[in-house]
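Asker: Below is one structure. I have some questions about it.
The values are calculated or read from the model by the stated rules, or taken from the named source; none is laboratory data. Since the structure is predicted, the reported quantities are computational estimates derived from the model, not experimental observations. Ideal geometry is used to build each Cβ from the backbone, glycine not excepted, and the neighbour counts take in all protein chains shown. Areas reflect the complete protein model, heavy atoms only, side chains present, ligands, DNA and RNA absent. Shrake-Rupley method; radii C 1.70, N 1.55, O 1.52, S 1.80 Å.
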Amino acid sequence: MTAGAVATAWLRGLGSRELTAQRRLFVFPHAGAGASAYRLAAYLPDAVEVCTIQLPGRENRLAEPALTSLDDAVAALAPLIADHTDLPYAFFGHSMGSLIAFETARRLRALGTRLPDRLFLSGMRAPGLPDRDLRHTLPDDKLLATAEFGDVDAELQELLLPLLRADLTLCETYTHRAEAPLPCPLTVLAGSDDESVGGTELAGWREHTSADFELHLFPGAPHLYVRGAERQLAETITRTFPERG
């Protein structure tokens, strides 16, 4: 596989707004989700090219084994993103995606690469805080009972279960390593009715930036508020990640 093919496999949407893009938004989905779960591009201006991370083991990469190590995911992603920092760019990650986005930014710093203008980190407690309930070792039936597959039918849920377990393993075996705060501003987001994370856990992200910090809650929204709130989320992103400047 050529370098370009590898990049487009991992970065869905790369080059989709080649003629109009002035900025780039890299989107990191939540556990169990693929790139198609997010429709942010439809609500962002043409000046922002949206590249959604497609990890192995889902959608068009279903035949590939899913990763179970956050370090492995970051090791693969960081060099690919480093090759596409020609435009000002930002990261948006939700839940598992927040951890991957955060650690990818730290890896890019280690590589000496241009860093994101801002990190939008959603629905996840700050690194270093303990997990509330470990799920990746649950039996299939109990894990399935905790899953948020939405309108997915039972047969497809069974097929998605190994992927969900792999993603939860990636999150729940992650060990935070102390480093200097990132110089990137952080916007931390969550639904106000998200029972998986609390205000103190969200505010803990403040320690991980030496720049601006903002916490924004979407009123009445659950953990997976992203699906169905793309317009509001896009407005929040463009407010601090404008198409020019």
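Asker: Which residues, counting only those in the range 118-146, are of a type in the set (A, V, I, L, M), assigned to a loop (DSSP other than H, G, I, E, B) and either loosely packed, with under 13 Cβ neighbours inside 10 Å or modelled with pLDDT under 80 (or both)?
Answerer: Residues satisfying the conditions are Leu134, Leu138.
Asker: Which one is nearest to the chain's Cα centre (by Cα), of the residues in the range 225-245 that are within 25 Å of Leu168 (Cβ to Cβ) and open to solvent by less than 30 Å² (accessible area, probe 1.4 Å)?
Answerer: That would be Val226.
Asker: Checking the structure you have, find out if any residue of the range 190-205 is without any contact (Cβ under 8 Å) to a residue 60 or more places away in the chain, buried (at least 17 other Cβ atoms within 10 Å of the Cβ) and charged (D, E, K, R).
Answerer: no
Asker: Count, please, the residues in the range 1-23 that happen to be within 26 Å of Leu62 (Cβ to Cβ), part of a strand (DSSP E or B) and open to solvent by less than 30 Å² (accessible area, probe 1.4 Å).
Answerer: 1
Asker: Pull up the range 39-66, narrow it to residues that are aliphatic (A, V, I, L, M) and part of a loop (DSSP other than H, G, I, E, B), then point me to the one that is nearest to the chain's Cα centre (by Cα).
Answerer: Filtering first and then ranking leaves Leu55.
Asker: Hey, can you tell me all the residues within the range 45-57 that are crowded, with 23+ Cβ neighbours inside 10 Å and among the hydrophobic types (A, V, I, L, M, F, W, C)?
Answerer: Hits for the range 45-57 are Val48, Val50, Cys51, Ile53, Leu55.
Asker: Given the condition closer than 22 Å to Leu189 by Cβ and acidic (Asp, Glu), answer yes or no: does some residue in the range 18-27 qualify?
Answerer: For the range 18-27, residues closer than 22 Å to Leu189 by Cβ and acidic (Asp, Glu): absent.
Asker: Under 8 Å between Cβ atoms, at least 6 apart or on separate chains: pull out the pairs that start in the range 148-163 with a residue that is open to solvent by less than 40 Å² (accessible area, probe 1.4 Å) and end on any residue that is of a type in the set (S, T, N, Q) and at pLDDT 75 or above.
Answerer: Going by the 8 Å Cβ cut-off, there are no qualifying pairs.
Asker: Additional query: If you check Ile81, Ile100, which single one turns out to be under 13 Å from the mean Cα position of the chain (by Cα) and either closer than 21 Å to Thr169 by Cα or not aromatic (Phe, Trp, Tyr) (or both)?
Answerer: After ruling out the rest, the residue left standing is Ile100.
Asker: Give me a count of the residues in the range 67-107 that are in contact with a Pro (Cβ under 8 Å, 6 or more places away or on another chain), of a type in the set (A, V, I, L, M, F, W, C) and not in a loop (DSSP other than H, G, I, E, B).
Answerer: Residues meeting the conditions: 6.
Asker: Kindly establish whether Thr113 is open to solvent by 40 Å² or more (accessible area, probe 1.4 Å) and among the β-branched types (Val, Ile, Thr).
Answerer: Spelling it out, it is not the case that Thr113 is open to solvent by 40 Å² or more (accessible area, probe 1.4 Å) and among the β-branched types (Val, Ile, Thr).
Asker: Another one. Is there any pair linking a residue in the range 167-179 that is within 11 Å of Glu103 (Cα to Cα) to one that is open to solvent by 30 Å² or more (accessible area, probe 1.4 Å) and in a loop (DSSP other than H, G, I, E, B), with Cβ under 6 Å and at least six apart or on different chains, and which?
Answerer: His176/Gly128
Asker: Looking at the range 147-154, can you tell me whether even one residue there is in a helix (DSSP H, G or I) and modelled with pLDDT under 90?
Answerer: For the range 147-154, residues in a helix (DSSP H, G or I) and modelled with pLDDT under 90: present.
Asker: I'd like to check something: does the range 69-84 contain any residue that is closer than 24 Å to Thr238 by Cα, of a type outside the set (Val, Ile, Thr), free of Cβ contacts under 8 Å to residues at least 24 places away in the same chain and open to solvent by 40 Å² or more (accessible area, probe 1.4 Å)?
Answerer: No, every residue in the range 69-84 fails to be closer than 24 Å to Thr238 by Cα, of a type outside the set (Val, Ile, Thr), free of Cβ contacts under 8 Å to residues at least 24 places away in the same chain and open to solvent by 40 Å² or more (accessible area, probe 1.4 Å).
Asker: Can you list residue pairs whose Cβ atoms sit under 6 Å apart, with the first residue in the range 212-233 being acidic (Asp, Glu) and the second being open to solvent by 20 Å² or more (accessible area, probe 1.4 Å) and part of a strand (DSSP E or B)? Count only pairs 6 or more apart in sequence or on different chains.
Answerer: That search, which allows pairs on different chains as well, returns nothing.
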